[in-house]
Amino acid sequence: MYCSVKNILNFVLLICFLPCCLSQTPKAKPYKSKHFLTPPRGVTLIGKISNPAVFYGHFVHPSKPLWMRKKYPNEPVKVETSKKEDRSKPPTWLTINQFLSYYTSEELYLVHSLDGKMSDMVLVPQNLHCGGFQKMIQQAVLWLGSGEIQSVLHYDELDNMLCMLEGQKHVILIDKAHKADVEAEGFVEAGGYSLVDVDNIDRKKFPKLYNIEWYEVLLNQGDCLFLPRGWYHRMKSRGHRHMAINIWFAHLHWFDSDNCSIIQDFYKPLEPISTFGFASPNEVYRSKLLDKLVDKGFIIKDVLISALDTGTVERRSKFFDAVNKYKDGVLSWSEMYGFNIDKALAKFPDIFGLPGNVADDTEEVILYDPIIDVPSLEDNEENSDDDEIVTGSSDIQPDDPGIALSQGVFPLPDDPASGSTNTKEDLDTFNSTTENNSNENIITTNKPLKKKIEL
């Protein structure tokens, strides 16, 4: 899926901001003036952008200049030592200044995770602000190099939003549906990559790959590409300097539209990563678990037990009880996304196919937050002025789509147990909203892409 980011043109701020952040610290040279008798005085220098109160109180109000330097000259970064990816070569570590001194003349490519001090360089585009996406963000990576640099043909287990800040990046894509053909010959399963040279495919060594359907896109400055997990891709960067940031996020099986309706107008088109933070790296295991359940219809206990192939029957049954927050005999989306994934891996490593000690079967395990008391629906109708709060431990909870099967009522459409599809009215509403809120031209095709898409 290729998308132009006209609605987030603020990326131009990044394009101006990042080179400043990554620039080398110049060596100070004294300025010798022939016009002033007295020597110059220094301007106050701070190593960050000051907060509004300090800025006003110490500089704006007293009318004093301020020199703000927001750079990372001595920050260590991970660097690959080959411009044509070679996974047999381990990366090295350099400071920003060291890398910038040599990257245009040496075989160097910066591939660095932007956490810690450098996380403020990451701005999250608006399509990841709500609906559950904001809880799935795993990692943001800066890619910076010079000249032609290319990766191997590979796949990743996370969804990926890649945005080009400078230069160009040529991308070859192959649908994960062609897994058997891609991995038929010369594929390294342990690393998830192929040994093929996609620029010069040997049809004798890779006959199935040679005849495969493929896609191609050329990313320019300001463009973004959504790359679904599992899709095979080869990246080739071009330009005297090329720079990109990608955001990896765990796959989302359920879009929480209610969450977006509450906060969709609150955030800016680009929001700092600090607004959301990085999710637990274990979220990928939640996604893998839901891969096995998403198309099973009503997720009652027997369905979960038969759908999973890990752990014993007894352990699967206990896991179901541990995540079934409303004790209604069926798992809803909010329950499957609401349980604590870190605690789940600690207590049920076997369910997720991981080694580790399992919990004592006599111990009751609860993986969800306690239910908050809510007003009784009947009390609200009969006594609208009554402030009494009752516990609805077995009642339908207003924030959850799950409804007990014993009540003879089907779950709501956004619950996985229903296995329902969108109605025509749902699609009409969605299409109307899309048309009203977007000026982008979206092009879709079911045919192989035989020529470049270029903005």
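The values are calculated or read from the model by the stated rules, or taken from the named source; none is laboratory data. Bear in mind that the values here come from a model prediction, so they are computed numbers and not experimental data. Ideal geometry is used to build each Cβ from the backbone, glycine not excepted, and the neighbour counts take in all protein chains shown. Just so you know, the surface numbers come from the protein's heavy atoms only, side chains and all, with ligands and any DNA or RNA stripped out. Shrake-Rupley method; radii C 1.70, N 1.55, O 1.52, S 1.80 Å.
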- Task: Could you please let me know if Lys208 is closer than 30 Å to Trp333 by Cα and without any contact (Cβ under 8 Å) to a residue 60 or more places away in the chain?
- Result: no
- Message: Restricting to region 292-301, name every residue that is more than 11 Å from Val330 (Cβ to Cβ) and either hydroxyl-bearing (Ser, Thr, Tyr) or out of contact with any His (no Cβ under 8 Å at 6 or more places or on another chain) (or both).
- Response: Lys292, Leu293, Asp295, Lys296
- Somewhere in region 84-95, is a residue open to solvent by less than 70 Å² (accessible area, probe 1.4 Å), within 28 Å of Leu45 (Cα to Cα), part of a helix (DSSP H, G or I) and without any contact (Cβ under 8 Å) to a residue 40 or more places away in the chain? no
- Give me the pairs: first residue in region 98-118 and more than 28 Å from Ile273 (Cα to Cα) and open to solvent by 20 Å² or more (accessible area, probe 1.4 Å), second residue among the charged types (D, E, K, R) and part of a strand (DSSP E or B), beta-carbon distance under 9 Å, and six or more apart or on different chains, which are they? Thr104/Arg241; Glu107/Glu80; Glu107/Lys84
- Going through region 323-343 in order, the residues found to be over 14 Å from Ala279 (Cα atoms) and of a type in the set (Val, Ile, Thr) are Val323, Val330
- Of all helices (runs of 4 or more DSSP H) completely enclosed by region 258-363, which ones contain at least 2 residues that are open to solvent by less than 50 Å² (accessible area, probe 1.4 Å) and within 25 Å of Asp159 (Cβ to Cβ)? 283-291, 301-307, 333-338, 341-347
- Item | Scan of region 225-234 for residues that are among the hydrophobic types (A, V, I, L, M, F, W, C) and not in a loop (DSSP other than H, G, I, E, B), ordered by number | Leu225, Phe226, Leu227
- Message: Filter region 225-250 down to the residues that are buried (at least 17 other Cβ atoms within 10 Å of the Cβ) and of a type in the set (Phe, Trp, Tyr) and list them by number.
- Response: Trp231, Tyr232, Trp248, Phe249
- Query: For region 64-78, does any single residue satisfy the condition of being open to solvent by less than 50 Å² (accessible area, probe 1.4 Å) and acidic (Asp, Glu)?
  - Reply: yes
- Message: I'm trying to understand the selection: among the residues of region 221-253, which are in contact with an Asp or Glu (Cβ under 7 Å, 6 or more places away or on another chain) and over 20 Å from Leu110 (Cβ atoms)?
- Response: Pro228, Arg229, Trp231, Phe249, Ala250, His251
- Note on the structure: Here the residues within region 58-79 that are out of contact with any Ser or Thr (no Cβ under 6 Å at 6 or more places or on another chain), in a loop (DSSP other than H, G, I, E, B) and either under 16 Å from Tyr103 (Cβ atoms) or small (Gly, Ala, Ser) (or both) are Ser63, Tyr72, Glu75
